[in-house]
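See below for the structure under consideration.
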Amino acid sequence: MQRGVSFFALPGIPEVAAGADLAAMIRAALDETDITLRSADLLVVAQKIVSKSEARRVRLADVEPSVEARDLAAEVRKDPRFVELVLRESSEIVRSVPDILITRHRCGWVMANAGIDRSNVPGGDEAVLLLPLDCDASAHRLREALAPEHPAIIISDSFGRPWREGTVNVALGVAGYPALRDLRGGHDREGRVLQTTQIAQADAVAAGAGLVMGETTEGTPVVLVRGLDFSGLVTDGQRLIRSREGDLFR
C-alpha cells in the first residue's frame with residue numbers, strides 16, 4: 001500500500017526554447033528551493049516543455065494542407081493547416097464531428113487532435129506544439145542527464161476521458177518506475193484470485209502531480225514526487241496503451 005506520498009511543484013522554470021537543457025533547468029529550480037535530489041525521487045515533467053526543448057513547435061504558415069485535410073477540416077470546422085498536422089501525427093481517425101477530432105496518435109494514444117496544442121505556445125494562433133517523437137525515449141534521456149541520482153521520470157499530458165467530463169493528467173513517457181503493476185494471479189481479502197486487476201501507477205502519479213502543476217498560468221511544469229513505492233516490474237509508458245485487439249470501443 002502506498003502511504004505518505006508528497007507532491008511539490010518546482011517554481012522558477014523559465015520559458016523553454018528549442019534545444020534547452022531541461023536537466024540544467026530542473027537542477028537550478030531545485031537549488032533555488034534548497035531541495036536535494038534523491039535517487040528515490042520521481043519527477044513528473046509536463047510534455048509541453050519536453051516538446052519545446054525538442055523543437056516540436058510548428059508554424060501553421062509553413063504547413064500546406066492536403067485535399068484530405070481540407071475535406072476533414074470542413075467537417076470538423078478547424079483550420080485545414082492544423083488538421084494536416086493532426087493527420088501527419090496520426091495513424092487513424094477515430095471520430096470526427098463538428099468541433100471534435102479524435103485520432104489514434106502514431107504512438108498509440110487515442111486522443112483529441114493527436115495531442116497538438118496551441119495553449120502556452122509563443123507565437124500566437126499561428127504556432128502549435130506537437131508531442132515528442134518518443135516520450136519514453138525522452139524520459140530516459142532526461143533521467144540519464146540527471147546523474148548521479150537518476151530519478152524516475154514521468155512525462156505527462158492532460159487527457160479527456162470517455163464517459164467523463166474534464167481532463168486529467170496521464171503518463172505518456174516513463175523511465176525508472178513501474179508504469180503498470182500487474183496483480184493478476186494474486187488474491188483479494190476473500191481469497192479470490194484476481195483475474196484482470198492491473199494498476200496504472202504512472203497515470204495515478206501523473207494525476208496527483210497535475211493537482212499541483214496546474215493547467216493555465218501557473219508556470220510550474222515540473223513536480224517532485226517523494227514517498228513512492230518502487231516495487232514491481234519497471235515498465236515504460238507504452239505498456240499503458242491498450243492493444244487494438246482489446247479496444248472494444250474503437
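Candidates are the residues of segment 98-111 that are among the hydrophobic types (A, V, I, L, M, F, W, C) and more than 15 Å from Pro132 (Cα to Cα); the one that is surrounded by the fewest Cβ atoms within 10 Å (Cβ to Cβ) is Ile100. The requirement of being hydrophobic (A, V, I, L, M, F, W, C) and under 27 Å from Arg242 (Cα atoms) is fulfilled somewhere in segment 68-79, by at least one residue. Among residues of segment 202-221 that are on the phi > 0 side of the Ramachandran plot and modelled with pLDDT under 95, those with a Cβ under 9 angstrom from a residue that is of a type in the set (Ser, Thr, Tyr) and outside any helix (DSSP H, G or I), sequence gap 6+ or separate chain, pair up as Gly214/Thr220.
Against the condition in contact (Cβ under 8 Å) with a residue 24 or more places away in the chain, assigned to a strand (DSSP E or B), touching a strand residue (DSSP E or B) at 6+ places or on another chain (Cβ under 9 Å) and in the same structural domain as Pro178 (by TED's automatic domain parsing), how does Val50 come out, does it pass? For Val50, the condition - in contact (Cβ under 8 Å) with a residue 24 or more places away in the chain, assigned to a strand (DSSP E or B), touching a strand residue (DSSP E or B) at 6+ places or on another chain (Cβ under 9 Å) and in the same structural domain as Pro178 (by TED's automatic domain parsing) - is not met. Scan segment 27-49 for residues that are among the aliphatic types (A, V, I, L, M) and under 14 Å from Ala209 (Cβ atoms) and the total you get is 6. When you check His150 against the structure, is it part of a loop (DSSP other than H, G, I, E, B), in contact (Cβ under 8 Å) with a residue 12 or more places away in the chain and in the same structural domain as Gly210 (by TED's automatic domain parsing), yes or no? Taking the combined requirement at face value, the residue satisfies it.
Only one entry in Arg59, Arg81, Arg77, Arg95 is among the charged types (D, E, K, R) and under 23 Å from Val170 (Cβ atoms), namely Arg95.
Answer yes if at least one residue in segment 112-124 is of a type in the set (Val, Ile, Thr) and surrounded by fewer than 17 Cβ atoms within 10 Å (Cβ to Cβ), and no otherwise. If you could, list the steps in order and put the result at the bottom.
Residues of segment 112-124 of a type in the set (Val, Ile, Thr): 116, 121.
Imposing the further condition that a residue be surrounded by fewer than 17 Cβ atoms within 10 Å (Cβ to Cβ) reduces the set to none.
The answer is no, given that none of the residues of segment 112-124 is of a type in the set (Val, Ile, Thr) and surrounded by fewer than 17 Cβ atoms within 10 Å (Cβ to Cβ).
The rows are residues; the columns are (1) assigned to a loop (DSSP other than H, G, I, E, B); (2) in contact with a Cys (Cβ under 7 Å, 6 or more places away or on another chain); (3) under 29 Å from Val86 (Cβ atoms).
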{"site": "Arg3", "(1), (2), (3)": "yes, no, no"}
{"site": "Phe8", "(1), (2), (3)": "no, no, no"}
{"site": "Ala18", "(1), (2), (3)": "yes, no, yes"}
{"site": "Ala24", "(1), (2), (3)": "no, no, no"}
{"site": "Arg27", "(1), (2), (3)": "no, no, no"}
{"site": "Leu30", "(1), (2), (3)": "no, no, no"}
{"site": "Ala40", "(1), (2), (3)": "yes, no, no"}
{"site": "Val44", "(1), (2), (3)": "no, no, yes"}
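Mind telling me which of the residues Glu89, Glu32, Glu54 ends up being in contact with a Lys or Arg (Cβ under 9 Å, 6 or more places away or on another chain) and either modelled with pLDDT of 95 or more or of a type outside the set (Phe, Trp, Tyr) (or both)?
On the way: Glu32 fails: in contact with a Lys or Arg (Cβ under 9 Å, 6 or more places away or on another chain); Glu54 fails: in contact with a Lys or Arg (Cβ under 9 Å, 6 or more places away or on another chain).
From the options Glu89, Glu32, Glu54, the qualifying one is Glu89.
For the structure I just gave you, tell me whether Ala74 is touching a residue at least 12 places away in the same chain (Cβ under 8 Å) and either under 30 Å from Val234 (Cβ atoms) or outside the structural domain of Gly12 (by TED's automatic domain parsing) (or both). Full working, then the answer.
On the way: touching a residue at least 12 places away in the same chain (Cβ under 8 Å): no; either under 30 Å from Val234 (Cβ atoms) or outside the structural domain of Gly12 (by TED's automatic domain parsing) (or both): yes.
Criteria not met by Ala74.
Residue count for segment 1-45 satisfying the condition of being farther than 30 Å from Arg189 by Cβ and of a type in the set (S, T, N, Q): 3.
The values are calculated or read from the model by the stated rules, or taken from the named source; none is laboratory data. Everything numeric here is computed off the predicted structure, so don't read it as measured data. FYI the Cβ positions are ideal-geometry reconstructions off the backbone, even for glycines, and counts take in every protein chain you see.
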